[in-house]
Amino acid sequence: MTHPTPSRPTHPGHRKDFTAGARDIIPMMVGAAPFGVIFGTLVASGPLHPWHGQLMSLAVFAGSAQFIALGLIAGHASFAVIWATTLVVNLRHVLYSATLAPHVAHLPARWRWVLGALLTDEVFAVAWEHYRHRAPGTVGPHYFFGAGLAMYLNWQLWTVAGLLFGAAFPGLQSLGLDFAMVATFIAIVVPQLVALRYIAAAITAGMLAFFWQAWPYKLGLLAAVFAGVAVGVLLSLSRPNSRRSRKTAQEHARSNARKTAGASQ
């Protein structure tokens, strides 16, 4: 089976998936809009040229990392500090990628690279909600691609708006518009809390992130994430269903080994 290159879908079914992904991420795009405007405004009033800010949105495409990098640049931090800090902040994407990997592993490398470049918190939430109800390897890339491309273009648009018009509204960043992004993250997290282990993981990560927020280079955030993941994994392994599944898998493995041994005799 061949797959199209990462471009505009041509097959009717592909176009439908692409459109569905772009449609489903619209609420997340609304939440990201003020965030993009504020970023553009800060660039316009900061030490960077406007084209630097737009290039950052085009190449980095990571709101939280861009804000942190902008603050570090304004504080004359070294390149190594900027690189290390943004790396730590974006390490959560490793967890996103691990979650989505079974659903995209069957795709050609060109698709995986494109989808990885478009992966954000919002895109992950929409893509995972789509994939989680389907067996791994049965869904193409076009839904994911539609959601990611729509969010990418949305971020570029609002960055430009902030760069061009942000200076006309002094103090825009102090109006609390960035709460829209907080609301967006709440909308991402809450629907996922469908089991005790998820709730425990979220509470653990949230509380530790609050208490460890003073750690340098956002390491407290990373440590809190790993602690939350550890709690979720431990609770998942302790479930009776998990134990039964492991026992059944072991019995199947032993049965297959006996069959193989018998056939070879």
The summed charge of the Pro102 Cβ neighbourhood (under 15 Å; Lys/Arg +1, Asp/Glu -1) stands at +3
Computed FRET efficiency, Cβ-Cβ of Ile199 and Leu87, R0 25 Å: what is it to the nearest 0.05?
0.30
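Throughout, read-outs are computed from the coordinates displayed, never taken from laboratory work. Small disclaimer: the values here were computed from a predicted structure and weren't measured. Using ideal geometry, Cβ is built from the backbone for each residue, glycine included, and neighbour counts are taken over all protein chains shown.
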